[in-house]
1. When only residues in region 335-356 that are in contact (Cβ under 8 Å) with a residue 40 or more places away in the chain, exposed (fewer than 15 other Cβ atoms within 10 Å of the Cβ) and not aliphatic (A, V, I, L, M) count, which is nearest to residue 210 (Cα to Cα)?
2. Being closer than 23 Å to residue 202 by Cβ and touching a Gly at 6+ places or on another chain (Cβ under 7 Å) is true for just one of 27, 63, 45. Which residue is that?
3. Identify the residue in region 57-91 that is assigned to a strand (DSSP E or B) and β-branched (Val, Ile, Thr) and, among all such residues, is farthest from residue 348 (Cα to Cα).
4. Mind checking which residues of region 311-334 are within 18 Å of residue 78 (Cα to Cα), among the hydrophobic types (A, V, I, L, M, F, W, C) and either surrounded by fewer than 21 Cβ atoms within 10 Å (Cβ to Cβ) or touching a Leu at 6+ places or on another chain (Cβ under 8 Å) (or both)?
5. Being outside any helix (DSSP H, G or I), basic (Lys, Arg) and modelled with pLDDT of 95 or more, is that true of even one residue in region 240-252?
6. Looking at region 255-269, which of its residues are at pLDDT 95 or above and either out of contact with any Pro (no Cβ under 6 Å at 6 or more places or on another chain) or in a helix (DSSP H, G or I) (or both)?
7. Give the residues of region 88-112 that are of a type outside the set (A, V, I, L, M, F, W, C), surrounded by fewer than 24 Cβ atoms within 10 Å (Cβ to Cβ) and touching a residue at least 12 places away in the same chain (Cβ under 8 Å), sorted by residue number.
8. Determine if region 283-305 includes at least one residue that is more than 24 Å from residue 201 (Cα to Cα), assigned by TED's automatic domain parsing to the domain that holds residue 222, modelled with pLDDT under 95 and surrounded by 17 or more Cβ atoms within 10 Å (Cβ to Cβ).
Amino acid sequence: MFCIRCGRTYPPEPTCVRCECGGVLELRGAPALDPAQIRRDDFTLWRYRHTLPVPSDVPPVTLGEGMTPLVEARWGDWPIFFKCEFLNPTGSFKDRGTTVLVTALAAAGVENVVEDSSGNAGCSLAAYAARAGIRAAIYVPAHASPGKRAQIAAYGAQLVPVPGPRSQATQAVLEAAASGAIYASHVYHPFIHAGMKTAAYEIWEQLGGRLPDAVVLPVGHGSLLLGLAQGFAELGGRMPRLFGVQAAACAPLTAAWEAGAADPPPVPEGETVAEGVRIAVPVRGRAILEAVRKSGGALLAVTDAETLAAQQRLAHQGFFVEPTSALAVAALEHLRPHLEGTVVVVLTGNGLKALR
């Protein structure tokens, strides 16, 4: 692993989360997908085990994640595909990264983990930690959805509500990690991205061995977008155009995109129904902007009114997702002049999580 800020290298140990300089780490030399090595009799993301940074003799900590449906649908008269990540075991795409990370942590003998999350990542870590017999404490913003808080607690994790903006939960968990627990961060830990890239492999398989022309998805910290970019790059051919969607009340990546900047600027952490992307300081912001630009895609923001209207319209087609997921669909009307061919829209989180 290496730090993208200072270049320092580290062994690929799952207990190593951040560089000493505070920078984020990336895996170096991770195996790429070899179609001949796909385990065709495994209907989880572990069918791509040869691409994951876990020894082959280590049993996976799994709840059956991955291989989520790719459903043909229409948005008005426009044919599109929905990648139904909200049907993962804990109700969100976060399970992709968590299964890989917790498998590695369990193999390393880790007994205690902490995490900060607006909800979905915390739910996922609580579930997989329970599956592995690892104690977990999840620090959540006090304004997080009651449904997500209840889900975290149901798995037996210690739920720690933190008043104030989302950033306060991060500060609290860093203080907790300093006392000895492993910070199993869905934001910082590079093993998370190894799991996220499997979504690209699945889309490729589900489309009969071809890549889509474009993928539209919500973006906060951008782990799924970066994972998709990595996975599609491994498959070769023309990179699908990646379109990341943010909430207008908190859209640092969109601000950078519109300004032509390399890094996201400071923005207010405004209130939004799309709590999963209420991220004022995405730690991998530069990498997200580079990936979107390289793909020929774009970043944009939509209002809460557009988001809620899209959520209801989706539900009336049988897709019940949380507002954060609906961001991607709300953006389609803005993007339609720029999209053609096979378009995949990622629905990231279950609607049951947002019930109050």
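1. 341
2. 45
3. Top of the filtered list is 80.
4. 314, 315, 319, 326, 328, 329, 331, 332
5. Yes, region 240-252 contains a residue that is outside any helix (DSSP H, G or I), basic (Lys, Arg) and modelled with pLDDT of 95 or more.
6. Matches in region 255-269: 255, 256, 257, 258, 259, 260, 261, 262, 263, 265.
7. 89, 111, 112
8. Scanning region 283-305, I find at least one residue that is more than 24 Å from residue 201 (Cα to Cα), assigned by TED's automatic domain parsing to the domain that holds residue 222, modelled with pLDDT under 95 and surrounded by 17 or more Cβ atoms within 10 Å (Cβ to Cβ), so the answer is yes.
The values are calculated or read from the model by the stated rules, or taken from the named source; none is laboratory data. Worth saying up front: this structure is predicted, and the values here are computed from it rather than measured. Using ideal geometry, Cβ is built from the backbone for each residue, glycine included, and neighbour counts are taken over all protein chains shown.
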